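Have a look at the structure below, then the notes.
The values are calculated or read from the model by the stated rules, or taken from the named source; none is laboratory data. Keep in mind that what you see is a predicted model, and the values were worked out from it rather than measured. Glycine also receives a Cβ, built like all others from the backbone with ideal geometry; neighbour counts cover every protein chain displayed. Only protein heavy atoms, including side chains, enter the accessible area calculation; ligands, DNA and RNA are left aside. Shrake-Rupley method; radii C 1.70, N 1.55, O 1.52, S 1.80 Å.
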Amino acid sequence: MEMDGTPPLPSDTGYWFPEANYDGPLGHAPIGVMADHTHMKGHWMLSARYMYMAMDDLADGTSKLSSSQVTSPTGGYDYLVAPTRMTTQMLMLGAMYAPIEKLTLMLMLPYVWKDMQHVVGEQAMPAMRGREFTTRTNGVGDLSLTAMVPVVHTATQRLLVNLGFSFPTGSIDETDNTPMLPKTHLPYPMQLGSGSFELRPSLSYRHLVWSHVDFGVQGSAKIRLNENANDYRLGEEYEVTAWAAVDLSRKMSASFRLAWQQRFNIHGRDKKIVERTPPMMGSIKIVPTAFPDNQGFRRLYGFWGVNLQGRADDGFLKGFRIAAEVGIPFWQSLDGPQLRDQFMAVVGVQYAF
């Protein structure tokens with residue numbers, strides 16, 4: 001029925017809170033979740049993700065620390081240098097292809113930039129006390145290949161089993177100049193890869209309910225399989241994440257996600273890292289990031305996200321997806337002293353054909 005001469009909107013045009021399905025923007029999990037969907041036989045998807053993470057403030061367990069506490073002989077830690085801030089940027093390039101109906105392969109290659117700021121403590125020579133400096137690295141990270149098998153694939157449910165494998169293409173021999181030494185072999189957080197082959201399994205389940213809302217959960221792990229060339233193996237990492245997403249229109253969905261992240265400390269020691277000053281200088285511990293027992297953590301993150309996806313009738317936008325997520329840690333406990341996470345953001349674009 002027409003009102004004031006205007007015909008009613010067709011049922012498939014954009015409007016708020018439409019009935020949803022997995023052919024629209026809910027067809028993908030939030031952009032921060034990897035290996036969340038499969039493709040039909042012969043189909044491809046190319047993707048690029050940019051991630052930014054900022055770390056600030058030192059902590060041990062859940063207790064905040066000042067840099068002077070970490071570098072003071074009376075503060076209980078007695079390091080020569082303290083990290084004060086770190087930023088990590090990553091450009092993740094990916095490709096997905098389904099050679100058969102029940103198997104999708106995913107290849108991912110990151111390029112990483114890392115910057116860590118430091119301050120020299122009171123145990124250094126007078127001319128160096130209070131001096132600030134930054135170390136930087138950048139380069140290719142570890143290449144990963146994942147096989148994804150859809151166990152359940154219905155109009156309202158998805159169960160996906162993934163088995164990934166990572167190759168040590170990222171450097172573990174990065175160096176930079178510091179006030180103490182030129183071309184210093186940098187500590188573990190500043191290296192670009194693990195140096196080890198890795199097993200990366202994951203399991204995802206999604207359920208579309210109430211015709212509008214997609215609930216999802218994924219568990220994943222990174223398990224290093226061998227000691228690397230520098231005589232250490234990064235600790236195992238585990239994540240369990242759960243989200244709810246709702247279609248706001250035919251082309252846009254919004255999501256909220258919780259993620260529990262845990263990483264264990266390093267096995268072994270990097271034979272190239274200098275942990276202490278020479279005995280003539282008192283054999284003082286140089287920096288917390290150089291020690292294998294200062295690498296573990298437990299964190300609970302919250303993320304807010306949005307998906308924009310072109311549909312079959314959108315011309316050249318068909319097959320494109322643009323998405324973003326921002327997150328902050330709600331709680332974190334560190335095997336410190338370590339820098340605390342402050343903020344994370346991910347934005348990505350994907351094209352399926």
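Lys pairs in the chain, Cα-Cα under 22 Å, at least 8 apart or on separate chains: how many?
Lysine pairs, 8 or more places apart or on different chains, close enough: 13.
Sort R340, R257 from largest to smallest accessible area, using a 1.4 Å probe on the heavy atoms of the protein chains.
Values: R340 50, R257 5 Å².
The residues order as R340, R257, largest area first.
Could you state how much accessible area I273 has, in square angstrom rounded to the nearest 10, with a 1.4 Å probe and all protein chains kept in place?
Accessible area, nearest 10 Å²: 20 Å².
Between N177 and N265, how high is the FRET efficiency from 1/(1 + (r/R0)^6) when r is the Cβ-Cβ distance and R₀ = 22 Å? Nearest 0.05.
0.20
Separation between the L91 and A48 pseudo-spin-labels, each 7 Å from Cα along Cα→Cβ, expressed in nm?
Spacing of the two 7 Å Cα→Cβ label points: 0.6 nm.
How many nm is it between the label spots at N138 and I322, if each spot is 7 Å from the Cα in line with the beta carbon?
For N138 paired with I322, the spin-label model returns 2.4 nm.
Are there any trypsin sites (Lys or Arg not before Pro) in the range 127-234 that are in a DSSP loop and have at most 16 other Cβ atoms within 10 Å? List them by number.
Sparse-neighbourhood loop trypsin sites (Lys or Arg not before Pro): R129, R131, K183.
Just one of (i) 1.12; (ii) 0.96; (iii) 1.06 is Rg/Rh (Cα atoms, Kirkwood Rh) as worked out from the coordinates here. Which one is it?
From the options (i) 1.12; (ii) 0.96; (iii) 1.06, the structure gives (iii).
Pop out the carbon and sulfur fraction of the accessible area of the chain as a percent, whole number, probe 1.4 Å.
That fraction is 62 percent.
Could you check the simple spin-label distance between E122 and V161, using points 7 Å along Cα→Cβ, in nm with one decimal?
Going from the E122 label point to the V161 one covers 6.0 nm.
If you stretched the chain out fully between R129 and D293, how much longer would it get, using 0.36 nm times the residue separation minus the C-alpha to C-alpha distance?
Between R129 and D293, full extension yields 56.4 nm more.
Identify which of M180, M252, M53 has the largest mean-square fluctuation in a Gaussian network model of the chain, with springs joining Cα atoms closer than 10 Å.
M180
Taking only Cα atoms and a 10 Å spring cutoff, compute GNM fluctuations for the chain and point out the largest among W243, W210, W44.
W210
Quick check for you: with a 1.4 Å probe and neighbouring chains kept, what is the accessible area per residue of the chain, in Å²?
Ligands and nucleic acids excluded, the result is 48 Å² per residue.
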